[in-house]
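Read the figures in this text as sums done on the coordinates, not as results from a lab. On a predicted model such as this, the values are computed, not experimentally measured, just so you know. Positions of Cβ are generated from backbone atoms using ideal geometry, with glycine treated the same way; all protein chains shown enter the neighbour counts.
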Amino acid sequence: MEVNKKLILEELMKYKGFSKKTEFANFLEIKSNVLSNWFSRNTFDEKILFSKFPEVNKVWLLTGEGNMLNAPRQIQPNKEVDTVDDLQIPDLEDEDLDSFDNSFGNKFVKLPNGEYLMYMPLFEWDVAASLLDNEGDTRHPDYEDVAQHVVVVKEPLRGKYSAFRIKGGSMEGTAVNRYIPDGSIVWGRELQMSHWRDELRFKKHPLWIICSTDFGRPTLKEIVSHDTSTATITVDSWNPSSEYAHNVPVSLNSVKMLYYVFKVETPVADIY
C-alpha cells in the first residue's frame, strides 16, 4: 500500500504551525516549486525532513504509522546532590564554621556527616532579566543582595553555580519528567565561553539555562543539537505555548551565558 506522503507533509505543516506552503518551504530551505512537486507527486526528501524534524518518529515519517513524535527523553533525578529540607542552616557569621569560598564565590560549609552545604545566588524572574544587560555576569555588583539557594553536596564542586526560579509552568504531554511547574528552582554550573567551540555535552546534560538576546532573559531549554562549524545550537522548549517551541536555531554569538542544569527542584519532588 502506497504511503500517503502528502498527508504526512500536511501533518508536519500543522505541527509547526505553518498555514502557507511558502512558509514551510522557507523552513525546509527548499524552493516553493520543489515543495509543490512533493505534494503533487506524493513524495518528499527523507534526509531533509529528518534533519529538520529530529524529534519526529522515523517510522511514522516513512510509513505514516505509529506516533508522530519520538517518546520524550526520560529524565531522572540527579543523585549526586540533594535538596535541603528540614536541615538547620548554620549561621555564616559563626567563626567556628568549617567553610570556604571557591574561586567563583560559591560558599561551602562542611557538615558533621562529612557532606557540604553549597550556597549559590538565586535569581528570581524579574532580577534574572537584567542578566542580559550585565553580559550574563552573575557576580555583577547589582546582585550582591540576591537571596542564596542552598543545597547539600557530597563534596565541594568545582565551577560557578547559580539558581533560577521558573515563572509559568513548562509542560508538554503528560509525562511527569516533561513537567516543570511554576515556582520551581533550577540550578546548575556555568560553562565558560572557552568551551563553546567544542561540541556541548547536551546528551549528558539535555537541560540548559540560556541567556540569549534571542529570548530577552535567561530561559530554560533543552539543547538537541550543536553545529560547531556555524556556532549554532538547536533548542526545544518543554512549553508547547512558547513561540520558541521546537527546533529553534540559536547562534552562540547571541548568547551571553550558558548553564547546564544539575537539578530541577519542584514544590512536589526533584525531577532532574
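Applying 0.36 nm per residue to the separation of K31 and A147 and subtracting their alpha-carbon distance, the gain on full extension is 36.5 nm.
Taking a point 7 Å out from the Cα of F100 in the direction of its Cβ, the residues of region 117-156 whose backbone N falls within less than 13 Å of it are 156. Ordered by the count of other Cβ atoms within 10 Å of each Cβ, fewest first, L97, L122 give L97, L122. Peptides 250-262, 24-36, ordered by how many other C-beta atoms sit within 10 Å of their residues on average, highest first, read 250-262, 24-36.
Taking label points 7 Å from Cα along the Cα-to-Cβ direction, R139 and K167 give a separation of 2.7 nm. Placing pseudo-labels 7 Å out from each Cα toward the beta carbon at R158 and D198 gives an inter-label distance of 1.1 nm. Across region 185-192, rounded Karplus estimates of 3J(HN,Hα) from the backbone phi angles (6.51 cos²θ - 1.76 cosθ + 1.60, θ = phi - 60°) give 10, 10, 9, x, 10, 6, 9, 5 Hz, Gly and Pro being marked x. The modelled label-to-label distance for the pair N113/N42, using points 7 Å beyond Cα in the direction of Cβ, is 6.5 nm.
When the C-alpha to C-alpha distance is required to be over 23 Å, the pairs from K110/K203; K160/K204; K5/K31; K52/K263; K20/K167 that qualify are K110/K203; K52/K263; K20/K167. For the peptides 40-52, 217-229, residues were scored by their other Cβ atoms within 10 Å and the scores averaged per peptide; the highest-first order is 217-229, 40-52.
Less than 5 angstrom separates the built amide H of F262 from those of W187, G188, R189, all sequence-distant by 5 or more or on a different chain.
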